[in-house]
Amino acid sequence: MSRLKVNEIFRSIQGESSFAGLPCAFVRLAGCNLRCRYCDTKYAYEEGREMEVGEIVRAVGAFGCRLAEITGGEPLAQPAAPELATRLLEAGCQVLVETNGSLPIEILPKGAVRIVDVKCPGSGESDKVRWRNLELVGPEDEVKFVIGSREDYEWARDAVRRFGLEDRSRPLFSPVHGEMEPSRLAEWILGDGLRVRLQLQLHKYIWGADRRGV
Ligand code: SF4
């Protein structure tokens with residue numbers, strides 16, 4: 001029986017992506033292979049308990065949500081993550097998997113929406129980006145850039161253009177909460193005529209920036 005180390009399972013309002021605003025069940029897996037400067041889930045680096053895949057699927061099912069997100073930490077760092085995505089799809093959920101973009105996304109089952117977080121220079125982890133992932137994303141997938149400075153913005157903009165993401169996928173630009181004024185990022189996007197979605201972390205506006213399990 002496959003097992004995963006789980007940090008937390010909870011129901012909340014999806015705060016990001018084009019699914020923002022919808023009720024969603026979250027499975028946060030423990031452990032991460034990166035150490036981003038602005039990380040807001042450091043508590044998931046170590047903390048967690050082993051659960052069987054079936055047990056996790058039942059916990060998600062108990063919420064009655066039709067939308068589920070597997071996140072972390074870095075979910076793809078655990079070998080059984082694709083099996084969990086498959087089992088949730090089989091249970092009738094729409095499944096989102098948010099990954100930090102450093103590991104192969106093609107191991108995920110067809111039907112899972114891949115949200116690939118591309119680490120900009122300000123994260124301190126941009127040398128870990130697996131660029132091949134940006135060739136693999138499709139129209140149902142989302143490619144997220146968390147932006148903390150003009151340098152990050154230009155880097156992200158150039159990546160969006162280089163990989164044709166405006167036409168091939170769903171690019172998301174997200175300001176680093178508390179560091180980057182959303183209005184400034186909006187002006188840059190509009191100034192360049194970039195077809196990307198500006199997203200704010202809705203859950204931080206609803207419940208505050210430091211609340212866990214939302
Ligand atoms: S990839 Fe995510 S969980 Fe890992 S350090 Fe970066 S922000 Fe934190």
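All of the numbers you see were taken from the coordinates with simple rules; none came from a lab. What you see is a predicted model, and the numbers here were worked out from it, not measured in a lab. Glycine gets a Cβ as well: all are built from the backbone with ideal geometry, and neighbour counts include every protein chain shown.
Quick notes on this one:
- The strands (runs of 3 or more DSSP E) located wholly in region 1-77 that include 1 or more residues which are buried (at least 18 other Cβ atoms within 10 Å of the Cβ) and within 16 Å of the ligand (Cβ to nearest atom) occupy 3-13, 23-29, 67-71.
- Scanning region 122-157 for residues that are in contact (Cβ under 8 Å) with a residue 60 or more places away in the chain, more than 14 Å from residue 176 (Cβ to Cβ) and crowded, with 19+ Cβ neighbours inside 10 Å yields a single hit, 142.
- Looking across region 181-214, the residues that are touching a helix residue (DSSP H, G or I) at 6+ places or on another chain (Cβ under 8 Å) and over 26 Å from residue 70 (Cβ atoms) come down to 185, 188, 192, 194, 195.
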